[in-house]
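The values are calculated or read from the model by the stated rules, or taken from the named source; none is laboratory data. Because the structure is predicted, anything quoted here is derived from the model rather than measured. So basically every Cβ, Gly included, is an ideal-geometry build from the backbone, and we count neighbours across all protein chains shown.
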Amino acid sequence: MGQTPIWAQDTSKLNKMELVKLEKDGLDVIRTIIEKYALEGYASIPEDDLNRFKWAGVYEQKPKGNGYFMMRVRINSGIMTTAQVRGLASIAQDYGRGLVDVTTRQAIQFHWLTVEQLPDIFKRLEDVGLYSYEACGDCPRTIVGNPLAGIDPDELMDTTALVEEVNDFFLMNRDFSNLPRKYKMSISASSFNSAHAEINCLAYTPAVKVIDGVETIGFHVWVGGGLSAKPHLAKQLDLFVTPEEVLKVAVGITTIFRDYGYREKRHHARLKFLVADWGPEKFLEKLIELIGEMPSRGEDKTEGWKAAYFDGVHPQLQDGLSYIGLSVPVGRLNAEEFTELARIADEYGQGVVRTTMSQNIILPDIPNDRVEEVLREPVLERLTPFPKHFISRTVSCTGNEFCNLAIVETKERAVRVAEYLDANVELDEEIRIHFVGCPNACGQKQIADIGLQGSLVKTPEGMVDAFDIAVGGILGPGAEFNKVLKGRVVGDQVGPVLAQLILYYKENRSEEETFHQFYTRVGVAAFQEQLTQILAS
């Protein structure tokens, strides 16, 4: 921005991080990393610039001070070429101890990086058309979308080019590199809400409207969604947007957040708080003031929510082709497995691999007559398209293995719990179970059938990991966050306790009643009664 930003006219009300950002734009740290810190080492990095590392897509890994970093790489709509997959796998192999994590925003995350390695990693990413820049920080982050864009029988249009257009405009754009807080966008034309519209700051969902006598495909717009300690479901604006105007609307909404969003307290700075205070009507008025008149809402084309799960073999929009949805337990795989998926995508498909918001991977464009060959590939024994029910629907954040904010370990715990349930509970219904290690909810605990948030409890043996349990989350029509039950569960008892809660559902549900339908019928009090009895026994 050429002029003094309006929020900086009275700096007495700005939080400390806002002053840091005014002193030096977050994007400036990228060059400093390359030209200075990579040469002089970790000890040369001042605290303010360590905070700015987020704009490079880099966080300090736990414990702070050990010189290791984790990095997120932007994957728009989760769609990657095999050259990009190989580039990512090589970075993980050479610098990240072979670890590759798929995040709940379709990004790829590395661990164990050092500052000396970052310039080469940046270059390797750029060589294959990828960036970690602004994957973190107070800026527009990775744009999530339909991982089946272009091949989805259930989408109104292919949104790949739209996501790229919006991404290219905002990426490294200094007019929008200093927002009050992180800013998350979702663009999808899927009828099954595969990009989780209601939990994003700005989201586009499929809609149609008759304009000048012609039924036009476009989008409805949602603003103010977000999770963390105070979750908000996004509000729909009375607005219909054609594909040609998606970027214009995104710029207008992001401008409102930049200029009017709260900067006094960081825990109260997300767009959701501004939308909650203004309401969607006032927010739309300000938007129209900026971008001009727009058509009112049309007809929603979101039919439901499949929680971005695609495991199994499914027909594509294109005749004769299928996509294979793989289960990646809690989103973690290794560099060798990732490379193998690239080989399969080249050998059988069209050189594309896709990630999902459920931390899984899709192999698209497989000729129907070659599906059985792909299914026999050894790497698909672990990353199977036909997983057991509980491990298939278990999501986890990074946890305190690497994250400084997490209170407890989550990934290994989540796998152990899922394996326990698969071994001890027979059920024909898949129940979504999400683990988070802290209130920031990167594992999207609030939208799960059963969400678990880590905490600590005092026992005669000392402080031990424990979890709070919440039930009943869902997105799509009738979206609601789950409700927290009273009664903290010691970590080692999570599997047995969940088994008893799930058996309560199994034994009392009506025929073909989903977990959420059962929860809606019996209410949170019934689950509370069950948990209280379980913990007392």
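Looking for something acidic (Asp, Glu), over 20 Å from LEU333 (Cβ atoms), without any contact (Cβ under 8 Å) to a residue 40 or more places away in the chain and not in a loop (DSSP other than H, G, I, E, B) - is there at least one such residue anywhere in region 60-74? Within region 60-74, none of the residues are acidic (Asp, Glu), over 20 Å from LEU333 (Cβ atoms), without any contact (Cβ under 8 Å) to a residue 40 or more places away in the chain and not in a loop (DSSP other than H, G, I, E, B). Residues that are small (Gly, Ala, Ser) and either part of a loop (DSSP other than H, G, I, E, B) or on the phi > 0 side of the Ramachandran plot (or both) within region 375-413 comprise GLY399, ALA406, listed in sequence order. Counting only residues that are of a type in the set (Gly, Ala, Ser) and surrounded by fewer than 24 Cβ atoms within 10 Å (Cβ to Cβ), which one in region 308-324 is farthest from the chain's Cα centre (by Cα)? My answer is GLY320. Just one of (1) over 30 Å from ASP319 (Cβ atoms); (2) part of a loop (DSSP other than H, G, I, E, B) fails for LEU148. It is (1).
Residue count for region 413-445, restricted to those that are polar (S, T, N, Q), modelled with pLDDT of 95 or more and either out of contact with any His (no Cβ under 9 Å at 6 or more places or on another chain) or surrounded by fewer than 24 Cβ atoms within 10 Å (Cβ to Cβ) (or both): 1. Among the residues of region 391-412, none qualifies, meaning not one is in contact with a Leu (Cβ under 8 Å, 6 or more places away or on another chain), modelled with pLDDT of 95 or more and over 29 Å from VAL58 (Cα atoms). Given the structure, is ALA335 surrounded by fewer than 24 Cβ atoms within 10 Å (Cβ to Cβ), of a type in the set (A, V, I, L, M, F, W, C) and within 17 Å of ILE108 (Cα to Cα)? Judged against the criteria, ALA335 is a match. So which residues in region 231-260 are over 22 Å from the mean Cα position of the chain (by Cα) and of a type in the set (Gly, Ala, Ser), if there are any at all? GLY252, the sole residue that qualifies. Select from region 113-136 the residues that are on the phi > 0 side of the Ramachandran plot and either crowded, with 22+ Cβ neighbours inside 10 Å or touching a Leu at 6+ places or on another chain (Cβ under 7 Å) (or both) and list them in ascending order. Answer for region 113-136, where residues must be on the phi > 0 side of the Ramachandran plot and either crowded, with 22+ Cβ neighbours inside 10 Å or touching a Leu at 6+ places or on another chain (Cβ under 7 Å) (or both): just GLU134. Scanning region 188-222 for residues that are of a type in the set (S, T, N, Q) and assigned to a strand (DSSP E or B) turns up SER190, THR205, THR216. Just the residues that are buried (at least 23 other Cβ atoms within 10 Å of the Cβ), assigned to a helix (DSSP H, G or I) and of a type in the set (Asp, Glu), please, taken from region 89-112. Hits for region 89-112: nothing passes. Restricting region 223-264 to residues that are surrounded by fewer than 22 Cβ atoms within 10 Å (Cβ to Cβ), aliphatic (A, V, I, L, M) and not in a helix (DSSP H, G or I) leaves a set whose member that is modelled with the highest pLDDT is LEU233.
Taking the criterion of being outside any helix (DSSP H, G or I), under 24 Å from LEU227 (Cα atoms) and of a type in the set (D, E, K, R), the residues of region 265-299 that qualify are LYS265, ARG270.
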